[in-house]
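The values are calculated or read from the model by the stated rules, or taken from the named source; none is laboratory data. Owing to the predicted nature of the structure, the values given are computational and were not obtained by experimental measurement. A quick note on method: Cβ atoms are made from the backbone with ideal geometry, for glycine too, and the neighbour counts reach across all protein chains shown.
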There are 2 protein chains.
Amino acid sequence: MVDAYIFDVFGTCVDWRESVAREVAEHLPGVDAHAFADAWRGEYQPAMERIRAGGRGYVALDDLHMENLAIVSERFGVTAPDPEALNRAWEKLDPWPDTVAGLTALKRQAIIAPCSNGSIALMTRLARHGGLPWDCILGAEIAQDYKTKPVVYLASCAALRLPPERVMMVAAHNDDLEAARVLGLKTGFVPRPTEYGPNQTTDLEPSADWDVIATDLQDLAAQVGA
Amino acid sequence: MVDAYIFDVFGTCVDWRESVAREVAEHLPGVDAHAFADAWRGEYQPAMERIRAGGRGYVALDDLHMENLAIVSERFGVTAPDPEALNRAWEKLDPWPDTVAGLTALKRQAIIAPCSNGSIALMTRLARHGGLPWDCILGAEIAQDYKTKPVVYLASCAALRLPPERVMMVAAHNDDLEAARVLGLKTGFVPRPTEYGPNQTTDLEPSADWDVIATDLQDLAAQVGA
């Protein structure tokens, strides 16, 4: 079907909320760890938006996470004893139960790589933590910008020397797939209905007729014959 | 000892000469396949030198290989029926017998990545061909320049968010290690005495007291306790 599958990672491949909350509970006992994790993640889009809009040059997500940790810590009235160690929570996100098996199956058929807003360093360490068998690391850093800017998808295809129509973007977020489809990439949707916790209201269903709509990454692999 | 090992690939991890000669024999029967492979590789440094010297912007090695194939084909008075297919010889280079075991051992201890002049696309397909278990792909493309320019080593360390002294450059070429050492990287040497064929005269011995001097990549892994 395609020569490469590229993936959103936070939410699609890994459960950032439970994993970050676990690290927050360890570093900041007494804080509502899930509320802190949600607030930390809440600063993610605003921080990237300044860069996407051109108001700031490219800064790696590791550094944005660190800045956002300071903002959220002040709001919660707490100070992490070792903020750099806490910031590495984002390198220790656990895969969803189907992720490694699904990626391993897809890798037998085609190239697999993250097309994430995480840096090369962050994606590399995350892969080692969770056993994600990527062939290479693509995404924001090689494009020096953040999704959903077109350059991130196009730079990832170009780095593989593939035209967009030979690449499938896989994500749990409809806006990610909308951005990829308009550029000519194939699209694959997997819902992650608890990414934002038990009361999630967004991305519970596909918003369009994506090329593949699967229940999880193992099902996606099966649907494409991998 | 370090947090990451980065590797020269052509010659150090894979046997380009025998592998390219095999493909040449298939695409250009009647040509002296080893002489053609040597001549093709002979255009490698001159092509990169124009870019290193600033006379040409960064062009991926895949494209330089294609240009060089035209030059060498003309010199040999032959025309490959499918030059693009023959150019993919560089994606099908076989690892030396110790490479996969050595890299696999080192990967248990630290991050492993190519720091090669090959592009992300080329290194990705080469890894899939030979089963090279890289954590990520670093090197020329992320630096937009070619070794032995300092930026290639420094951009590779920076992409891992590691200071040079926490990274070891591993190569079968003394000049690669000289360039890395002056920037503060650790250095590991493995000889590949038949890389250029049975009459090789260069890089048979280490030219300096590199941090690790090993017989092959499995020995290197053993020496660093991996």
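For the stretch B:3-57, what are the residues that are among the small types (G, A, S) and touching a Lys or Arg at 6+ places or on another chain (Cβ under 8 Å)?
Of the residues in the stretch B:3-57, the ones among the small types (G, A, S) are B:4, B:11, B:19, B:21, B:25, B:30, B:33, B:35, B:37, B:39, B:42, B:47, B:53-55, B:57.
Of everything in the stretch B:3-57, those that are among the small types (G, A, S) and touching a Lys or Arg at 6+ places or on another chain (Cβ under 8 Å) turn out to be B:A4, B:G11, B:S19, B:A33, B:A37, B:A39.
From the list A:A89, A:A21, which residue is buried (at least 20 other Cβ atoms within 10 Å of the Cβ), assigned to a helix (DSSP H, G or I) and under 15 Å from the mean Cα position of the chain (by Cα)?
Details: A:A21 fails: under 15 Å from the mean Cα position of the chain (by Cα).
Selected residue: A:A89, the only one of A:A89, A:A21 that is buried (at least 20 other Cβ atoms within 10 Å of the Cβ), assigned to a helix (DSSP H, G or I) and under 15 Å from the mean Cα position of the chain (by Cα).
Pairs linking a residue in the stretch B:125-143 that is facing chain A (nearest Cβ under 7 Å) to a residue that is of a type in the set (F, W, Y), with Cβ atoms under 6 Å and 6 or more positions apart or on different chains, are B:A127/B:W134.
Residue by residue, here is whether (1) without any contact (Cβ under 8 Å) to a residue 60 or more places away in the chain; (2) of a type in the set (F, W, Y) holds:
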residue: B:R52; (1), (2): no, no
residue: B:H65; (1), (2): yes, no
residue: B:A70; (1), (2): yes, no
residue: B:F76; (1), (2): yes, yes
residue: B:P81; (1), (2): yes, no
residue: B:A89; (1), (2): no, no
residue: B:L103; (1), (2): no, no
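Could you tell me whether the stretch B:165-184 includes any residue that is surrounded by fewer than 23 Cβ atoms within 10 Å (Cβ to Cβ), within 14 Å of another protein chain (Cβ to nearest Cβ) and among the hydrophobic types (A, V, I, L, M, F, W, C)? No, every residue in the stretch B:165-184 fails to be surrounded by fewer than 23 Cβ atoms within 10 Å (Cβ to Cβ), within 14 Å of another protein chain (Cβ to nearest Cβ) and among the hydrophobic types (A, V, I, L, M, F, W, C). Across the stretch B:95-154, the qualifying residues are those that are among the basic types (K, R) and in contact with a helix residue (DSSP H, G or I) (Cβ under 8 Å, 6 or more places away or on another chain), and the one among them that is farthest from A:R128 (Cα to Cα) is B:K149.
Listed conditions (1) more than 26 Å from B:D3 (Cβ to Cβ); (2) more than 14 Å from every other protein chain (Cβ to nearest Cβ); (3) among the charged types (D, E, K, R); (4) crowded, with 16+ Cβ neighbours inside 10 Å are all met by B:R56, apart from (4). Of the helices (runs of 4 or more DSSP H) lying entirely inside the stretch B:107-226, the ones with 3 or more residues being within 30 Å of B:A33 (Cα to Cα) and of a type outside the set (K, R) are found at B:120-130, B:174-181. Residue check: A:V59 meets all listed conditions (1) in contact with a helix residue (DSSP H, G or I) (Cβ under 7 Å, 6 or more places away or on another chain); (2) part of a loop (DSSP other than H, G, I, E, B); (3) more than 18 Å from A:I120 (Cα to Cα); (4) without any contact (Cβ under 8 Å) to a residue 60 or more places away in the chain but one, namely (3).
When you look at B:M48, is it at pLDDT 95 or above, within 14 Å of chain A (Cβ to nearest Cβ) and surrounded by 15 or more Cβ atoms within 10 Å (Cβ to Cβ), yes or no? Spelling it out, it is not the case that B:M48 is at pLDDT 95 or above, within 14 Å of chain A (Cβ to nearest Cβ) and surrounded by 15 or more Cβ atoms within 10 Å (Cβ to Cβ).
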